[in-house]
Amino acid sequence: MLRPMVWLGVLVSLLLVPHLWAATVVYGGSADHWSRARWDRANLAPDPATTSEPVIQVYAARAWGWKGIFAVHSWIIMKRQDAPAFERYEVVGWGVRRGAAAIRKDMRPIDGYWAGNPPEILIEHRGPQVEAMIERIEAAIQSYPYPDQYRTWPGPNSNTFIAHIARQVPELGLELPPTAIGKDYLTNGWPVGRTPSGTGVQLSLFGLLGLSVAKAEGLELNLLGFTLGIDPLDFAIKLPGIGRLGPS
């Protein structure tokens with residue numbers, strides 16, 4: 001009887017302690033109200049005026065308010081050859097209950113702060129091969145099965161949307177961070193699918209319980225939407241709230 005209780009205590013600690021740490025470090029990055037938070041550009045995206053080649057970038061930033069303790073918000077931007085501007089696509093929950101679409105285009109600056117939290121580039125692609133990828137990304141956006149739905153936990157949410165695109169366009173090679181809650185909410189209607197990176201497989205029960213094994217992601221365990229994992233190829237560990245610890 002003691003041994004199961006010990007393992008339960010270890011599991012609870014692995015889920016709870018990282019979130020307590022994240023609460024002390026991350027929470028408070030947002031303003032007291034979203035309307036007064038910082039949303040301007042972080043100037044991470046290239047200038048279309050001086051960058052003629054096609055470009056794709058995927059971003060993530062800590063979510064607004066208390067949700068930032070647990071999760072990030074992710075989005076994708078892209079521009080075609082010689083295009084004068086980027087297009088930004090993401091899923092948000094604001095207004096969905098009142099009939100607004102969950103998928104938004106150009107809602108915010110392409111590389112802007114998210115409610116005061118700085119963005120991070122998860123992956124970038126440039127060059128002539130990107131044009132074909134943009135075509136497939138646009139098709140993946142159209143095929144997203146929850147265009148008018150949003151649920152913070154366990155999904156579908158912004159990370160579900162970006163993970164859907166990544167699975168449909170595996171050449172993106174996108175590995176979403178452990179804090180991208182909702183990435184394991186599969187959109188194919190089955191409890192099994194590819195990992196977002198396209199380098200492995202995963203089992204997932206509505207994003208609440210699952211297991212992933214992949215070259216890029218390593219081994220990930222999903223418990224109630226929170227990710228615990230190891231990436232032996234990159235000597236990294238993954239913890240809920242904190243994210244990835246180890247080489248990029």
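The values are calculated or read from the model by the stated rules, or taken from the named source; none is laboratory data. Quantities reported herein were computed from a predicted structural model and do not represent experimental measurements. Reconstructed Cβ throughout: ideal geometry from the backbone, glycine too, with neighbour counts over all protein chains shown.
List of remarks:
- Only listed residue being farther than 27 Å from T50 by Cβ, in contact with a His (Cβ under 8 Å, 6 or more places away or on another chain) and either among the hydrophobic types (A, V, I, L, M, F, W, C) or surrounded by 15 or more Cβ atoms within 10 Å (Cβ to Cβ) (or both), chosen from A115, A140, A101: A140
- In the range 164-179 there is no residue matching the filter, namely being farther than 24 Å from D234 by Cβ, modelled with pLDDT of 95 or more and assigned to a loop (DSSP other than H, G, I, E, B).
- For first residues located in the range 127-145 and more than 15 Å from V58 (Cα to Cα) and touching a residue at least 40 places away in the same chain (Cβ under 8 Å), partners that are of a type outside the set (D, E) and not in a helix (DSSP H, G or I) and lie 6+ apart or on another chain with Cβ distances below 6 Å form the pairs E131/P54; P145/T187.
- Inspection of the range 58-73 identifies no residue that is at pLDDT 95 or above, aliphatic (A, V, I, L, M) and more than 14 Å from the chain's Cα centre (by Cα).
- Taken across the range 35-46, residues that are of a type in the set (D, E, K, R), at pLDDT 90 or above and part of a loop (DSSP other than H, G, I, E, B) do occur, with at least one present.
- Apart from one condition, P145 fits all of (1) surrounded by 18 or more Cβ atoms within 10 Å (Cβ to Cβ); (2) of a type outside the set (A, V, I, L, M); (3) under 16 Å from G182 (Cβ atoms); the exception is (1).
- Residue in the range 40-56 that is within 19 Å of T160 (Cα to Cα) and in contact (Cβ under 8 Å) with a residue 60 or more places away in the chain present: yes
- Unique match (being within 20 Å of I76 (Cβ to Cβ) and either out of contact with any Cys (no Cβ under 7 Å at 6 or more places or on another chain) or at pLDDT 95 or above (or both)) among S212, S158: S158
- Per the listing F86, F70, the residue uniquely farther than 20 Å from I181 by Cβ and among the aromatic types (F, W, Y) is F86.
- Selection of the range 124-148 for residues being outside any helix (DSSP H, G or I), closer than 17 Å to A100 by Cα and not hydroxyl-bearing (S, T, Y) yields P145, P147, D148.
- Only residues that are within 24 Å of V169 (Cβ to Cβ), in a loop (DSSP other than H, G, I, E, B), in contact with a Phe, Trp or Tyr (Cβ under 9 Å, 6 or more places away or on another chain) and without any contact (Cβ under 8 Å) to a residue 24 or more places away in the chain were counted across the range 189-248, and they come to 1.
- Condition met for L172 (touching a residue at least 24 places away in the same chain (Cβ under 8 Å) and buried (at least 23 other Cβ atoms within 10 Å of the Cβ)): yes
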